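Take a look at the structure set out below.
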Amino acid sequence: MSADHAPVQIPLDLPFRSALGRDDLIVHAGNEAAVNFIARWPDWPGRILALAGPAASGKTHLAEVWAEAAGAHRIAPADLTSALVPEIAAGPLLIEGADEIADETALFHLINLLREEGGSLLMTARAAPARWPVSLPDLRSRLGAVPVANLGLPDEATLAALVAKLLADRQLSLEARLLDWLVTRIDRTPAAARAVVAALDRESLSVGGRLGPALVRRVVAGFATGEDAAPPP
């Protein structure tokens, strides 16, 4: 492998780590396999990879980390046409929301030409390519062979550990009962964890107090997703 195509190295520091990007990339059990797959670039089978996962699972963030490291060209699904394919097939190329591509012939030719020219393609979508509503049989066959890295949301235990880690980074902490209550009240995503910790930090600084139940309740009210209930005393 040439120096120009050396694998991307994303530093490992489990259970959570940061990677190059506009914000910290939080790595957890739900996305660790996908992060490791991204780090293998350009050593991807067929030089193509799909990131699949629900909304807020971090597809865009991880794709941006790769695009910056690889120097990838970004193209919107609506902009992909057969006339454009020869111009972009050398890659690296990022297409987010690739399941919304309307020109199936263009995508079919892009996959074929990209493999011939040794380019790389990263696609993101909520579902794996094999499940996209494609009518072109040849494209359906190609998509069924695309490797998929699935992303999932962290479970409550992982989210609690993440919130505790983010708090510790700011020299803050929560009692265990209060932490457990908090993670059941916010979206189960790293983005929500970052946002609520930042809000807790701002609020504690503004009142010059510790992270007690009243303060936490006040902050979490803006993030709550479940039934209204008082935090433990």
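Read-outs throughout are calculated quantities, based only on the coordinates presented, and are distinct from any laboratory measurement. The shown structure was predicted, so the numbers you read here are calculated from the model rather than taken from an experiment. Don't worry about glycine lacking a Cβ; one is built from the backbone with ideal geometry, like all the others, and counts go over all protein chains shown.
Give me the number: length gained by fully extending residue 130 to residue 221, i.e. 0.36 nm times residue separation minus the C-alpha to C-alpha distance, one decimal in nm.
Values: separation 91, 0.36 × 91 = 32.76 nm, distance 4.04 nm.
Computed gain between residue 130 and residue 221 is 28.7 nm.
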- line: Cα-based Rg and Dmax for segment 64-164, in Å, come out at 15.6, 51
query: So if R0 is 35 Å, what FRET efficiency would residue 176 and residue 32 give, r being the distance between their Cβ atoms, rounded to the nearest 0.05?
result: 0.90
- request: Mind computing the radius of gyration and Dmax over the alpha-carbon atoms of segment 109-218? Å is fine for both.
  value: 21.9, 64
message: Using each residue's phi in segment 197-205, evaluate 6.51 cos²θ - 1.76 cosθ + 1.60 at θ = phi - 60° and report the 3J(HN,Hα) Karplus result to the nearest Hz, with x for Gly and Pro.
response: 5, 4, 5, 4, 4, 4, 5, 5, 5
field: From the coordinates shown, Kirkwood radius over Cα pairs in Å corresponds to which of [x] 17.8; [y] 20.1; [z] 19.5
entry: [z]
message: Just to be sure I understand the model, the point goes 7 Å from the Cα along the line to the Cβ. What's the resulting residue 206 to residue 112 distance in nm?
response: 6.0
field: Paramagnetic reach from residue 78 (point 7 Å along Cα→Cβ, amide N under 19 Å) across segment 105-144
entry: 105-107, 124-126
message: Please report the projected area of segment 147-203's Cα convex hull averaged over all directions, in nm².
response: 4.3
query: What percent do you get for the relative contact order of the chain when only Cα pairs under 8 Å and 6+ apart count?
result: 18
message: Could you derive backbone 3J(HN,Hα) for segment 106-112 from the dihedral phi with the Karplus parameters 6.51, -1.76 and 1.60 (θ = phi - 60°), listing whole Hz in sequence and x where the residue is Gly or Pro?
response: 5, 5, 4, 5, 4, 4, 5
message: Taking R0 as 30 Å, what FRET efficiency do you get between residue 138 and residue 55 from their Cβ-Cβ distance, rounded to the nearest 0.05?
response: 0.50
